[in-house]
Each structure stands twice: as structure tokens, then as C-alpha cells.
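In what follows, a single structure is set out as C-alpha cells and then discussed.
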Amino acid sequence: MTVTDQLKSILTEQYISEDGEEYKVELKQGLTNRQIEDLERLLPTGQMPNEIKDLLKFSSGFEFYGLEEVTFDGIGQFGFEEFFPNSVQLAGDGFGNFWILDIDKNGNWGNVFYVCHSPAVIVKHSDNLTQFIEHVNEFGKNGKKSNLNIIHEEAVFNIWQDDNGFMELEHARQAGDPTLKTFAQSLPDNFVIADLRNKSNQNGFSWGKFEPNIGNVKRHETYLIWGIEKPIKKGFLSRLFRKSSQKK
């Protein structure tokens, strides 16, 4: 099923809000060829997959209860380039957290991530845009039991508190995986690694666990692997010397 077919499949669905009111998907207007060409210039290859072009001609997004709105044309709006050099901002929750789609250097539209700032966690949400629309539909139908709600209300806190999603650098440097090993060898010794390549939805990592210098975050050029700076703990004598220097 194409992403446009997935969107069309939920247009006749009826949902009920938390207030007991019925609602349906409300489509936003589609884009012109000129508007699509302007968006393509923002992409790493200057080209857009035909399936996405077809979607944008049909609709640029839709309104849905519980989300600010879902948009397919928010290319380059999200920022956070150290983690996602090229992305599409799909939706927000109204509290400064966002669902974004990752675009790789070859222009492929890939996974959807939920990027949360409190706690500071990134979670793999959907395999692709088609599945994200399916997950939005599931949220409207099943509410608390949906993938979207579980990630929004539970997974982010589980990752922050129990499993920060990081691998120690030395372990990665000794890995039998050549991609992981090479990437790990390129990083300074005070980094840890987050590897989401083969992880299922609802897995992620605590991007703010170590209060990283965002400018020093390293993203693998092709794969879902990140290097996060881990502050070096300074010893007692080092701290004492620093305080002494500041008094002069």
C-alpha cells in the first residue's frame, strides 16, 4: 500500500475524542508542481521520491484530534541537524515535542522518530510514513493502547530511567560489525554510541542524559548510529586547581 492509499483508507473512519465528540480526518490542500519543486531544492539530492510527490499533490497533511496537525511538507523546519541532518517535521504534541521523519543522504524517506525534550529522549516511532499514518489511525481508535500513546506516555520515561540506549565506546570498537567498529574508532574516547539500526519501534536513547554539547554529537553518514559526548569527570585536584585559578 502506498502512503497516499494509506491516507485515503482512513478518510472514512469515525473517531471519538476524550470529550466524547465524534471527529474525522480533515485533509489539507495538496501542493502545486511548483511548490513541490521548491521543496525538492531543500532535499540532499534535490529530488523527491515519486510516492511522496503523489502524496503532496493529493494533500499536504491533515488535522487530527490530539495532534497539532500532521504535515508532509515540513522539510527542514525541525532543526536539530546534529541528530537529523535532513528531516520532515510531521507533527507536534503542543508541548514542544515532535514527530519527525528522517531523510538519509541519498534522499530516502525513512523512519519516523518521536523527539521529546522532557525527558530528553529520541524514540523510533514508525518504520516509514505509511506506518506513521497507520499509527495515527490506531491512536484515534485505541487511544491508550496505541503505539503512539505508549511511546508518548511510557516509552520515553522507561528509556530515560531504565535503559538509556547507549553502548560503551570500547565495546563498539571491538564489535564484529565493521560499520559500528569503524564509526566507533572515529570518535573521541569520551563518547558513547546509540545504535538503532536493527531496533524495533519503541526503542530509543536519552539524547540529553549527559547534557551533551550538541555541536559535538556525531551522526553516521548513512546509518541510524549516533555518537554522544559523555563529559569527562574531573578529579578533586583538577576541580581545586580550577577554583584557585578563578580566584586570581
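Among helices (runs of 4 or more DSSP H) lying entirely in the range 1-99, which contain 1 or more residues that are farther than 18 Å from Asn128 by Cα, touching a strand residue (DSSP E or B) at 6+ places or on another chain (Cβ under 6 Å) and not assigned by TED's automatic domain parsing to the domain that holds Arg219?
33-40
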Inset, instruction - Name the single residue, out of those in the range 215-231 being surrounded by 10 or more Cβ atoms within 10 Å (Cβ to Cβ) and at pLDDT below 85, that is farthest from Glu81 (Cα to Cα). - result: Pro231
Legend entry - Meets criteria (within 15 Å of the chain's Cα centre (by Cα) and touching a residue at least 24 places away in the same chain (Cβ under 8 Å)) for Ile193: no
Legend entry - Output for the range 50-67, where each listed residue is under 20 Å from the mean Cα position of the chain (by Cα) and not aliphatic (A, V, I, L, M): Ser60, Gly61, Phe62, Phe64, Gly66
Legend entry - Segments classed as helices (runs of 4 or more DSSP H), wholly inside the range 116-184, with at least 1 members that are at pLDDT 95 or above and in contact with a Ser or Thr (Cβ under 6 Å, 6 or more places away or on another chain): 129-142, 156-161
Inset, instruction - Could you tell me whether the range 196-211 includes any residue that is surrounded by fewer than 17 Cβ atoms within 10 Å (Cβ to Cβ) and part of a helix (DSSP H, G or I)? - result: no
Legend entry - Any pair with Cβ under 9 angstrom, 6 or more apart, that starts in the range 172-185 at a residue that is within 15 Å of Arg197 (Cα to Cα) and in contact (Cβ under 8 Å) with a residue 12 or more places away in the chain and ends at one that is among the basic types (Lys, Arg) and part of a loop (DSSP other than H, G, I, E, B): Thr179/Arg197; Leu180/Arg197
Inset, instruction - For residues that are loosely packed, with under 12 Cβ neighbours inside 10 Å and either under 29 Å from Asn108 (Cβ atoms) or among the small types (Gly, Ala, Ser) (or both), scanning just the range 18-42, find the one that is nearest to the chain's Cα centre (by Cα). - result: Arg41
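The values are calculated or read from the model by the stated rules, or taken from the named source; none is laboratory data. What you are looking at is a predicted structure, and each value in this text was computed from that prediction instead of being measured. Counting neighbours? That spans all protein chains shown, and the Cβs are built from the backbone with ideal geometry, glycine included.
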